[in-house]
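Report on the structure given below.
The values are calculated or read from the model by the stated rules, or taken from the named source; none is laboratory data. Predicted, not measured: the structure shown is a model, and the values here were computed from it. Because the Cβ atoms are built from the backbone with ideal geometry, glycine has one as well, and the counts that use them run over all protein chains shown. Ligands, DNA and RNA are excluded from the accessible area calculation, which covers all protein heavy atoms including side chains. Shrake-Rupley method; radii C 1.70, N 1.55, O 1.52, S 1.80 Å.
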Amino acid sequence: MENGTPLSTDPGDPREWCVLAARRLAEDRPEDALEAARRAVDHDPGAEHAAGWGYRLASLAFERLGRSAEAVAAAEEAVRLAPGSWAARLRLGAALRHVPGRWRESRAQAARAVRYAPQEPDPHVLAGDLALLRGEHRAAEGAYREALRLLDGHAGARVGLGLALLRWESPRDHHDPAWPVDPRETGRARRALESWARQTRLLLAAALVAAAVTAFGTGLTTWAEIGGGAVLAAVVAITLRQARRVRLWPYVPGMLARDVWLAASVSVTPVALAAYVAAVATLPRAVSRSAAGDLDGTWAVLAGTVLLNGVAVFVLRVLAEAWRGRPVTALAQFAAAGGDRTARRAADVTLWLVAGRAWSVLAAVAVAARITGEPRWAAVAPVVLLAPAWAYGGTRRSRSPRSPRSQRSQRSQRSQRSQRSPGSPHGPRGLHDSRGPRGRRLSGRAHGGDRWLVAAAVTLAAASAALGGSALLAVYGRGRADDLAWWCGAGALAAFAAVFAARSAQAWWQGSPGPWRASLIMHDGRGDRLPGDAGPPVGLSGDVRRAFTHAREVVLSCAAPGGPRALAVGAVGAIGPGGELRLIAADDAWEVAERDPRVAVFAADPAERGFWVEVRGIAVGDPEAGVLRVTPEHVTVGEFPGRHQGRARAG
């Protein structure tokens, strides 16, 4: 039902409040979801009937509301209630990811979730996200591919894999998430270093222009040299002021190693300072020997280093960002994510990167043809557009309908997941069907809807055609015509730069994503499918509980180096309201659980002859209580074969 009422006639049932909270999260209503999750916990003070489900849902709602500390607290409570639950471990790892200085703990929880449920895609996605945040692209790529092997339609894995292929860096690329320090502190240090480099270079450039005008315009070279030297005192003042703002000097080398462009900006500043000192010192000689070409050339190089170092670093960065990674392969991943909004945004940015590559190649071809005086160099220009065309074609092919075999595989995966967790919001009849109106609306939008991108493609096509035409005209000896065609191609390349600048200005003015790598973001987990940590736990029916309570023999089955192994368990000490088995077992069972926590527990009900039950789950030792706590993941019941062969059925 709507308006915050539970889905059943029993308003005191905590599981129904959890179902409502999951529905609200699927509808992207975290405030309402948090209220429903709180009611679930309030109606079950121990939160054991739902095995911490309410706390997991509350943690996810807190996370989406930006309340990271409360999200971690709720997730920790869910882990305390069900330490063997992969969903609880996954939720805690996801919540810790947003807390500064706790990346290592987040990775440890993600590793536990993968160990507990290697057949689930979401733990692998979280492991990939954590690796991607640290710049470990190969590890992230492997984790995402494993998640896609388990669930081909996982949008978060598709987006993450595309970012890994692009060699994406987080906005805080200077900060190592594993550092036990708040990224805001390293951010302040980074801004201080950037301010020092920028202010120093601008001051030196302005001072050199003033000194050159004074020396060459008025001939007062001595005064120009004195004034230029006095500027160095201002440089010292800037350096001391910004140095006081860098409070994390031990982390600065690591920041420079991680952030290449911060290192470039900082390292080019001493070079500019040395060039400035040399240029000011050679001012008198440059004036008195204006006829000496070698000396004038040396001074020009020094002046260019002082004045144009920032422009050179900027151009180098634009080209390096355009040529980093594999954008064409990444585009196929973004397109395969369907109508996911994060994937559409990433696809648009990636298309701009591909266009930037094409532009840089065309510009190099045009410059080579002009410098060498051989227009035939431009004959390769028409071939350059094959890459953007292939990239766009790849997005179209990835959006094409899947084969019947692939569709059957997807249906089989969904069916298996729904059988593992009845009532799960991820099943075909769950809380949010990806085939609903929202799914159709998202998937109906095509990638590359940026009109500026269309204009950029037109300019690239015009430049390619004009440069190719200039080469063709040169072959037939049309000298003036091929020169005119070359200039038309150069004009089209300039038009592309103008379109890029206009698109960037629009993004800056509107505060929207721009055509650059900084606009790429990780998937936020929202969409047509709720994350796995929001799914319900597996409960035990009354028959299963009775079988374990009255069983004379309980057997623990596990994997061993020599093959499967069965161990006798002393007794089932208790069964929690949420279905957790608490076994009294010998030391060898504890050792087995530490080596591989995935176990199966068998029992037979003596009250009903032939009735047996199997619970597959995760075993975690509780030293304080002296029991093995087994969190159920799958339950099967059946009858022993007899005169009439019995068949197993789901519990």
>> So the check is Cβ under 9 Å with 6+ separation or different chains; which pairs have a first residue in segment 202-230 that's without any contact (Cβ under 8 Å) to a residue 24 or more places away in the chain and a second one that's outside any helix (DSSP H, G or I)?
In response: 214/220
>> I'm told residue 503 meets every condition in (1) modelled with pLDDT of 90 or more; (2) open to solvent by less than 20 Å² (accessible area, probe 1.4 Å); (3) not hydroxyl-bearing (Ser, Thr, Tyr) except one. Can you identify the failing condition by its number?
In response: (2)
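For every residue, the table says whether it meets (1) open to solvent by 30 Å² or more (accessible area, probe 1.4 Å); (2) closer than 30 Å to residue 170 by Cα.
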{"residue": "207", "(1), (2)": "no, no"}
{"residue": "214", "(1), (2)": "yes, no"}
{"residue": "236", "(1), (2)": "yes, no"}
{"residue": "253", "(1), (2)": "yes, yes"}
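Residue-wise test of (1) under 22 Å from residue 542 (Cβ atoms); (2) β-branched (Val, Ile, Thr); (3) modelled with pLDDT under 95.
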site: 22; (1), (2), (3): no, no, yes
site: 27; (1), (2), (3): no, no, yes
site: 41; (1), (2), (3): no, yes, yes
site: 45; (1), (2), (3): no, no, yes
site: 50; (1), (2), (3): yes, no, yes
site: 70; (1), (2), (3): no, no, no
site: 80; (1), (2), (3): no, no, yes
site: 89; (1), (2), (3): no, no, no
site: 95; (1), (2), (3): no, no, no
> Restricting attention to segment 65-115, which residues are farther than 26 Å from residue 625 by Cα and of a type in the set (D, E, K, R)?
Replying inline: 67, 70, 97, 102, 104, 107
> Say we look at segment 61-113 and pick out the residues that are in contact with a Ser or Thr (Cβ under 7 Å, 6 or more places away or on another chain) and in a helix (DSSP H, G or I); which of these is farthest from residue 597 (Cα to Cα)?
Replying inline: 71
> Which condition number in (1) assigned to a loop (DSSP other than H, G, I, E, B); (2) free of Cβ contacts under 8 Å to residues at least 40 places away in the same chain is the one that residue 171 fails?
Replying inline: (2)
> Scanning segment 114-143 for residues that are out of contact with any Lys or Arg (no Cβ under 8 Å at 6 or more places or on another chain), part of a loop (DSSP other than H, G, I, E, B) and open to solvent by 10 Å² or more (accessible area, probe 1.4 Å), which turns out nearest to residue 55 (Cα to Cα)?
Replying inline: 120
> Of the residues that sit in segment 575-601 and are of a type in the set (Asp, Glu) and in a helix (DSSP H, G or I), which one is farthest from residue 622 (Cα to Cα)?
Replying inline: 588
> What is the one condition in (1) touching a Ser or Thr at 6+ places or on another chain (Cβ under 9 Å); (2) under 20 Å from residue 530 (Cβ atoms); (3) among the hydrophobic types (A, V, I, L, M, F, W, C) that residue 147 does not satisfy?
Replying inline: (1)
> Among (1) within 30 Å of residue 345 (Cβ to Cβ); (2) at pLDDT 90 or above, which single condition is residue 444 missing?
Replying inline: (2)
>> Please count how many residues of segment 463-493 are open to solvent by 60 Å² or more (accessible area, probe 1.4 Å) and under 16 Å from residue 355 (Cα atoms).
In response: 1
> Being free of Cβ contacts under 8 Å to residues at least 12 places away in the same chain and surrounded by fewer than 15 Cβ atoms within 10 Å (Cβ to Cβ), is that true of even one residue in segment 514-530?
Replying inline: no
> Across segment 634-651, which residue is surrounded by the most Cβ atoms within 10 Å (Cβ to Cβ) among those that are over 19 Å from residue 574 (Cβ atoms) and at pLDDT 85 or above?
Replying inline: 637
> Given the residues 139, 147, which is the only one that is without any contact (Cβ under 8 Å) to a residue 24 or more places away in the chain, among the hydrophobic types (A, V, I, L, M, F, W, C) and under 28 Å from residue 343 (Cβ atoms)?
Replying inline: 139
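Return the total of residues in segment 240-250 being touching a helix residue (DSSP H, G or I) at 6+ places or on another chain (Cβ under 6 Å) and either of a type outside the set (Val, Ile, Thr) or open to solvent by 20 Å² or more (accessible area, probe 1.4 Å) (or both).
Total meeting the criteria: 3.
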> Is it the case that some residue within segment 569-585 is more than 25 Å from residue 89 (Cβ to Cβ), surrounded by fewer than 21 Cβ atoms within 10 Å (Cβ to Cβ) and modelled with pLDDT under 85?
Replying inline: yes
> Among the residues of segment 619-628, how many are modelled with pLDDT of 90 or more and either open to solvent by 10 Å² or more (accessible area, probe 1.4 Å) or farther than 15 Å from residue 585 by Cα (or both)?
Replying inline: 1
> Out of all the residues in segment 599-607, is one or more in contact with a helix residue (DSSP H, G or I) (Cβ under 8 Å, 6 or more places away or on another chain) and surrounded by fewer than 17 Cβ atoms within 10 Å (Cβ to Cβ)?
Replying inline: yes
>> From the list 286, 263, 322, exactly one residue is surrounded by 13 or more Cβ atoms within 10 Å (Cβ to Cβ), modelled with pLDDT under 85, under 30 Å from residue 133 (Cβ atoms) and not basic (Lys, Arg). Which is it?
In response: 322
